[in-house]
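The values are calculated or read from the model by the stated rules, or taken from the named source; none is laboratory data. This one's a predicted model, so the numbers in the text were calculated from it and none came from an experiment. Reconstructed Cβ throughout: ideal geometry from the backbone, glycine too, with neighbour counts over all protein chains shown. All accessible areas refer to the heavy atoms of the entire protein, side chains included, with ligands and DNA or RNA removed. Shrake-Rupley method; radii C 1.70, N 1.55, O 1.52, S 1.80 Å.
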Amino acid sequence: MQKLTYRLFRFYGYPFLTVVIYLLFFFMTSEDHMKSYAEYTLYDYCLEISYLSYFVVVTIESAILITATLNQFLPWEKSPINRFLLQLIIQIVLLTVMFYGTSMLIQAVSLSAFQFLTDLLIRQALVLGVLISLLSTAAFTIDYFLHKWTDAELEAIRLKQSVTQAQLDALKAQIDPHFLFNNFSTLTALIEEDKDIAVKFLQQLSSVYRYLLANRSQSVISLKEELAFIRSYFFLYEMRYGDSIALLIDIPEAMYASGIAPITLQLLIENAIKHNVVSAAEPLHIRIYGAGEYLFVENNINLKTHVELSSKMGLKNIEERYHLLSDHIPVIVQSPETFQIKIPLLPYDHK
């Protein structure tokens with residue numbers, strides 16, 4: 001990061017300072033010196049530009065050298081104020097010594113081509129050196145705090161993602177015991193009613209649970225995968241309830257590529273069966289259909305007079321996971337005849 005900063009400082013600093021300093025020298029010089037420009041030859045212009053280039057190079061390279069050195073002995077993290085003041089003072093002293101010494105040396109050898117280096121111009125150069133030292137030190141200070149702010153933003157994003165993933169993992173961990181609790185209860189009832197059906201149920205249950213284990217690390221899966229799982233999962237209830245329960249899936253194939261939080265549909269089907277009567281006289285009809293960017297799960301209402309023992313985490317689990325995964329959360333719409341929940345579809349990366 002520092003090497004990139006130095007390259008950018010050189011890339012923008014050289015042309016910028018060259019133009020600015022030359023204009024300042026031009027407007028700050030005396031009238032006599034400005035009149036002498038009319039008598040300048042190409043050689044005189046080249047010499048003046050050479051001195052100006054020397055001024056710019058020394059200013060920029062000294063700023064980089066001082067910054068690199070102080071980064072080792074007094075990093076910005078320790079004391080930004082002390083670092084700023086120390087860097088500024090060192091650069092001012094260094095530029096003052098170098099420019100004043102160079103000017104005196106030129107005057108001592110009496111180079112006529114450098115007669116423009118009057119005492120006034122030397123003092124002006126030193127004042128400019130101070131100002132430019134202040135600007136360059138401020139530039140590196142701003143660069144430090146900008147990178148610090150950027151790093152803090154990135155760290156905050158990484159921390160938020162870590163917290164979100166930890167919350168999702170905790171919510172997904174709730175699903176496994178919830179799934180087992182409900183289906184072992186079903187299996188217990190089947191064993192008492194029909195052992196052959198219980199064996200088939202157990203085989204299908206193991207197949208479904210393998211799917212759960214395979215996708216437990218996923219926060220989002222494709223709708224196509226979830227629907228395939230639901231068809232297998234619903235077969236468990238069909239084995240128990242027969243014609244007393246029915247599932248209709250009416251989803252356009254174009255929606256299959258969308259994403260959904262894993263086990264969402266399974267929890268909703270569980271919720272419908274848990275709260276409603278399932279019998280030949282009063283069958284339970286569950287419909288899953290899609291519209292726009294939403295998935296709808298709907299069932300007729302025929303509430304039980306006594307709801308079986310539950311861990312009470314199905315709908316809450318779905319809502320909390322969607323709160324972490326999306327700006328939209330599931331919406332419940334209930335009428336005297338039907339219970340409907342509207343699930344927002346999620347983006348899904350098929351890689």
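Of the residues making up segment 65-96, just one is free of Cβ contacts under 8 Å to residues at least 12 places away in the same chain and among the small types (Gly, Ala, Ser), namely Ser79. Suppose we keep only residues that are in a helix (DSSP H, G or I) and charged (D, E, K, R) within segment 210-244. Which one would you say is farthest from Gln266 (Cα to Cα)? The residue in question is Asp243. Among the residues of segment 208-262, those identified as within 16 Å of Pro283 (Cα to Cα), among the hydroxyl-bearing types (Ser, Thr, Tyr) and modelled with pLDDT under 90 are Tyr237, Tyr241.
Restricted to segment 233-268, and to residues there that are more than 21 Å from Ser207 (Cβ to Cβ) and over 40 Å from the mean Cα position of the chain (by Cα), the residue that is surrounded by the fewest Cβ atoms within 10 Å (Cβ to Cβ) is Asp243. Set side by side, the residues Ile341, Ile329 differ, and just one is open to solvent by 60 Å² or more (accessible area, probe 1.4 Å), on the phi < 0 side of the Ramachandran plot and either charged (D, E, K, R) or out of contact with any Gly (no Cβ under 9 Å at 6 or more places or on another chain) (or both), which is Ile329.
Has segment 286-309 got at least one residue that is in contact with a Lys or Arg (Cβ under 7 Å, 6 or more places away or on another chain) and exposed (fewer than 14 other Cβ atoms within 10 Å of the Cβ)? Scanning segment 286-309 turns up at least one residue that is in contact with a Lys or Arg (Cβ under 7 Å, 6 or more places away or on another chain) and exposed (fewer than 14 other Cβ atoms within 10 Å of the Cβ). Listed here are the strands (runs of 3 or more DSSP E) enclosed by segment 253-351 that have at least 3 residues being out of contact with any strand residue (DSSP E or B) (no Cβ under 8 Å at 6 or more places or on another chain), within 23 Å of Val208 (Cβ to Cβ) and among the hydrophobic types (A, V, I, L, M, F, W, C), and there are none. Test Arg210 against the criterion of being open to solvent by 70 Å² or more (accessible area, probe 1.4 Å) and either under 28 Å from Ile332 (Cβ atoms) or touching a Phe, Trp or Tyr at 6+ places or on another chain (Cβ under 6 Å) (or both), and give yes or no. Against the criterion (open to solvent by 70 Å² or more (accessible area, probe 1.4 Å) and either under 28 Å from Ile332 (Cβ atoms) or touching a Phe, Trp or Tyr at 6+ places or on another chain (Cβ under 6 Å) (or both)), Arg210 does not qualify.
A search for C-beta distances below 8 Å between a residue of segment 185-204 that is free of Cβ contacts under 8 Å to residues at least 24 places away in the same chain and any residue that is of a type outside the set (A, V, I, L, M), counting only pairs 6+ apart in sequence or on different chains, returns Leu187/Phe201. Mind checking whether some residue in segment 215-223 is touching a strand residue (DSSP E or B) at 6+ places or on another chain (Cβ under 8 Å), at negative phi, surrounded by 14 or more Cβ atoms within 10 Å (Cβ to Cβ) and of a type in the set (Lys, Arg)? No, segment 215-223 has no match at all. Taking the conditions (1) hydroxyl-bearing (Ser, Thr, Tyr); (2) closer than 25 Å to Leu205 by Cβ; (3) at pLDDT 90 or above; (4) surrounded by 15 or more Cβ atoms within 10 Å (Cβ to Cβ) in turn, Ser279 satisfies each one other than (4).
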